[in-house]
Amino acid sequence: QVQLVESGGGLVQPGGSLRLSCVASGTIVAINNMAWYRQAPGKRRELVARIGHDGRSNYADSEKGRFTISRDNADKTVYLQMNSLKPEDTAIYYCNADMMSTVTRTWYNYWGQGTQVTVSS
């Protein structure tokens, strides 16, 4: 079974930092794009940042300069370093990836279960 598991969320004061991690596990043949999304209460899920297998990345405008996405292909892990956090960054953060398993031999888009990030004093 292929899955994504996030970690690293929590409560942080405004101006603080957090580093989220997401590990892909299971019988995986390949991973293409990996991304972080977030969903705040009462709002739609939105893209935070995306990174390709080659390391090229793109960000939502509101996160540019504050967040950094990176990945370790050998460990099947994607990270999100979040600095200068603001209360409006409070949301559930979801990991997302395009992966091919040994079972299906087809590309599917997978979601993690999410990790809560709360920015509050």
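Quick notes
- Of all residues in region 42-62 being within 12 Å of the chain's Cα centre (by Cα) and open to solvent by less than 50 Å² (accessible area, probe 1.4 Å), the one that is nearest to residue 15 (Cα to Cα): 48
- Matching entry among 119, 23 (being over 23 Å from residue 2 (Cα atoms) and touching a residue at least 40 places away in the same chain (Cβ under 8 Å)): 119
- Any hit, region 23-33, residues being in contact with a strand residue (DSSP E or B) (Cβ under 9 Å, 6 or more places away or on another chain) and either in a loop (DSSP other than H, G, I, E, B) or farther than 19 Å from residue 110 by Cα (or both): yes
- For region 63-121, residues that are at pLDDT below 95, surrounded by 17 or more Cβ atoms within 10 Å (Cβ to Cβ) and in a loop (DSSP other than H, G, I, E, B) total 0.
The values are calculated or read from the model by the stated rules, or taken from the named source; none is laboratory data. Source: prediction; values computed, not measured. Cβ sites come from the backbone with ideal geometry, for glycine too, and all protein chains shown count toward neighbours. The accessibility values were calculated without ligands, DNA or RNA, using every heavy atom of the protein model including side chains. Shrake-Rupley method; radii C 1.70, N 1.55, O 1.52, S 1.80 Å.
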